[in-house]
Amino acid sequence: MSHHIVEFKDVFFRYPDGTQALGGINFRITHGESVGVVGANGAGKSTLLQHMNGYLMPASGTVTIGDLRLTKRTRQEIRRKVGIVFQNPDDQLFMPTVFDDVAFGPLNLGMDEASVRERVNKALCMVNSLALRDKPPHHLSCGQKSAVAIAAVMAMEPDILAMDEPAANLDPKSRRSLITLLKTFKHSKIIASHDLDLILDVCGRCIVIGDGVVVADGPSSEILSDRALLEENSLELPLSLQRR
């Protein structure tokens, strides 16, 4: 299952304004792992995720997805393997209707009309949003947009799922549905979030990012119960652990 591997080796990235977002990131994620990425605002989490499908390219170091090293030449093939849900769903939704947005990816894979319709309906059902299929995305609530953005990625049936704050705009019921959905996704998944309870619930492993480097990497139950480590990185214990 090498096509499900994600590996960063000494990855550096600096934005055009001179801000260094990644300062030598190293980690390896293998098939079936569920990995949470946590850290303070500005720690580099979103930048990290955007390197996983070539939305951003490393200044130095290497990103490898499966057997492919990320380059401008391999970027399109890698994007077929890695589905990314961005923090702002408006970055992903741009078609006249929800159906069109969710169908966009499968259509670009060259699938026939019947197969595309089946993929779209299945993906929208996953996020309890089938009733939205004919609505314009700009008429949806923030939570509905987030659900549709997730469906658009799931319709591609990616080998690897990467999500940036997937629960940020969801109500409690939708958040619980998302957690249930994520637990059924058997391939590798990487979730960057401030919702540490979601990470604890869904991800067996947790990586803490600080100032663009990995400051801790281990079982979520250990990382997220380490009050001193979390406080050093401007984080707090998950609410479920604070009650104990």
| remark: Pairing a residue in the stretch 180-194 that is modelled with pLDDT of 85 or more with any residue that is β-branched (Val, Ile, Thr) and assigned to a helix (DSSP H, G or I), where Cβ atoms lie under 9 Å and the two sit 6 or more apart in sequence or on different chains, gives Leu182/Val202; Lys183/Val202; Lys189/Val202; Ile191/Ile199; Ile191/Val202; Ser193/Ile199
| remark: Being of a type in the set (A, V, I, L, M) and at pLDDT 95 or above narrows Leu241, Leu229, Leu237 down to just Leu229
| Since Ser225 meets every condition but one in (1) assigned to a helix (DSSP H, G or I); (2) in contact with a Pro (Cβ under 9 Å, 6 or more places away or on another chain); (3) surrounded by fewer than 23 Cβ atoms within 10 Å (Cβ to Cβ), which condition does it not meet? | (1)
| request: Would you please list the contacts, defined by Cβ atoms under 8 Å and residues six or more apart or on different chains, that run from a residue in the stretch 123-151 that is modelled with pLDDT of 90 or more to a residue that is part of a helix (DSSP H, G or I) and aromatic (Phe, Trp, Tyr)? | output: Arg133/Phe99; Asp134/Phe99
| remark: Of the listed residues (Ser220, Ser174), the one being in contact with a helix residue (DSSP H, G or I) (Cβ under 6 Å, 6 or more places away or on another chain), of a type in the set (Ser, Thr, Tyr) and modelled with pLDDT of 95 or more is Ser220
| For Asn26, all conditions in the list (1) assigned to a strand (DSSP E or B); (2) more than 26 Å from Asp201 (Cα to Cα); (3) of a type in the set (S, T, N, Q) hold save one; what is the number of the exception? | (2)
| task | Output the qualifying pairs, or none if there are none: Cβ atoms under 8 angstrom, residues six or more apart or on different chains, first residue in the stretch 152-166 and closer than 14 Å to Gln50 by Cα, second residue acidic (Asp, Glu) and assigned to a loop (DSSP other than H, G, I, E, B). | result | Glu165/Asp195
| task | Tell me, please, whether a residue that is acidic (Asp, Glu), farther than 25 Å from Gln144 by Cβ and surrounded by 13 or more Cβ atoms within 10 Å (Cβ to Cβ) can be found in the stretch 28-47. | result | yes
| Arg28 versus (1) more than 13 Å from Val6 (Cβ to Cβ); (2) more than 13 Å from the chain's Cα centre (by Cα): which is the lone unmet condition? | (1)
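The values are calculated or read from the model by the stated rules, or taken from the named source; none is laboratory data. The shown structure was predicted, so the numbers you read here are calculated from the model rather than taken from an experiment. Note that we place each Cβ from the backbone using ideal geometry, even for glycine, and neighbour counts take in every protein chain shown.
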